[in-house]
């Protein structure tokens with residue numbers, strides 16, 4: 001029996017869809033029947049999630065022609081080679097263009113299943129069933145899909161919106177503390193980029209979130225998804241405003257690539273990246289000393305790192321940041337803060353100040 005806390009709408013015209021937030025949704029047949037139109041369904045998951053939730057999910061798909069793919073778990077497997085396992089089963093089972101893929105797992109599963117759906121027979125439907133905090137508040141919403149390349153994170157991908165997002169908060173009970181904190185990084189991001197009141201709420205409720213208080217979690221997930229849904233509806237393919245969602249990501253992706261995928265979790269790298277972006281914003285005279293301290297303090301309270309790995313040099317950061325998708329015409333664009341709750345995307349900043357930040361964090 002499932003419990004629905006709320007339903008949010010991502011308004012994209014004929015590609016609009018609902019985000020359902022509640023407990024027990026991954027095994028509730030009603031939600032699948034509500035959005036799946038064809039008879040063929042493939043569940044894509046990984047070897048960690050499969051023993052926990054795959055059987056229940058398949059049971060909820062009774063009446064459909066169901067196939068499954070269980071991928072190895074980890075960011076290091078988010079590659080074109082591993083992606084081929086999905087295509088192979090789709091072809092072996094003779095799935096047609098009216099099939100639906102279900103992404104049951106965290107951000108890696110969602111990105112890979114979504115990219116497979118975007119490209120199989122030039123595009124088929126898919127449903128996001130995120131099972132980690134990070135994927136529930138970020139990667140499952142907005143239609144970004146893709147895989148990594150050795151030279152850059154998420155450099156091969158497509159925009160492909162899901163039919164629905166089923167954010168089952170009950171799955172968060174099985175997350176380890178490190179993965180849970182990784183998700184908190186993306187929640188903090190929403191307060192920093194667009195909602196100062198939410199940031200203040202997070203300062204007051206961080207202890208409750210770390211204790212996994214159900215009411216506090218539901219509120220944080222809803223407010224995060226509401227923020228992202230609004231940004232995506234205004235700028236689906238990142239022509240402008242949507243890039244604000246990448247606060248900390250240019251620094252963070254450099255850490256993930258430089259250290260080797262999987263050594264640092266995505267949220268850990270983004271957390272440090274947000275501290276670095278806040279530091280640069282402070283050096284540019286935009287963020288007060290108090291706001292910089294509050295930003296880094298909240299990130300630290302969430303159990304996240306606030307400094308990059310010692311092995312990362314300023315030169316390596318610059319080289320890897322130059323490969324970022326936000327680089328246009330050889331100009332590095334960064335998401336920076338004018339204040340807590342107010343952000344901008346800019347390439348108009350003093351490069352010497354960026355070098356000061358990299359030197360400070362590279363000590």
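State which residue is farthest from residue 129 (Cα to Cα) when the search covers only the stretch 147-162 and only residues that are modelled with pLDDT of 95 or more and surrounded by 20 or more Cβ atoms within 10 Å (Cβ to Cβ).
147
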I'd like the full set of residues that are more than 22 Å from the chain's Cα centre (by Cα) and either part of a loop (DSSP other than H, G, I, E, B) or buried (at least 17 other Cβ atoms within 10 Å of the Cβ) (or both), limited to the stretch 333-354.
347, 348, 349, 350, 354
Suppose the filter is crowded, with 16+ Cβ neighbours inside 10 Å, farther than 24 Å from residue 23 by Cβ and modelled with pLDDT of 95 or more; does residue 193 pass it?
yes
Exactly one condition in (1) modelled with pLDDT of 95 or more; (2) crowded, with 18+ Cβ neighbours inside 10 Å; (3) out of contact with any helix residue (DSSP H, G or I) (no Cβ under 6 Å at 6 or more places or on another chain) is not met by residue 357; state its number.
(3)
List the number of the failed condition for residue 122; all other conditions in (1) out of contact with any strand residue (DSSP E or B) (no Cβ under 9 Å at 6 or more places or on another chain); (2) outside the structural domain of residue 306 (by TED's automatic domain parsing); (3) at pLDDT below 95 hold.
(3)
Only one of 260, 252 that is without any contact (Cβ under 8 Å) to a residue 24 or more places away in the chain and either under 25 Å from residue 176 (Cβ atoms) or more than 15 Å from the chain's Cα centre (by Cα) (or both)
252
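Going by the structure shown, is residue 300 part of a loop (DSSP other than H, G, I, E, B), in the same structural domain as residue 272 (by TED's automatic domain parsing) and either within 24 Å of the chain's Cα centre (by Cα) or modelled with pLDDT under 95 (or both)?
no
The values are calculated or read from the model by the stated rules, or taken from the named source; none is laboratory data. These numbers come from a predicted model, not from an experiment. Cβ coordinates were reconstructed from backbone atoms using ideal geometry, including for glycine residues, and neighbour counts include every protein chain displayed.
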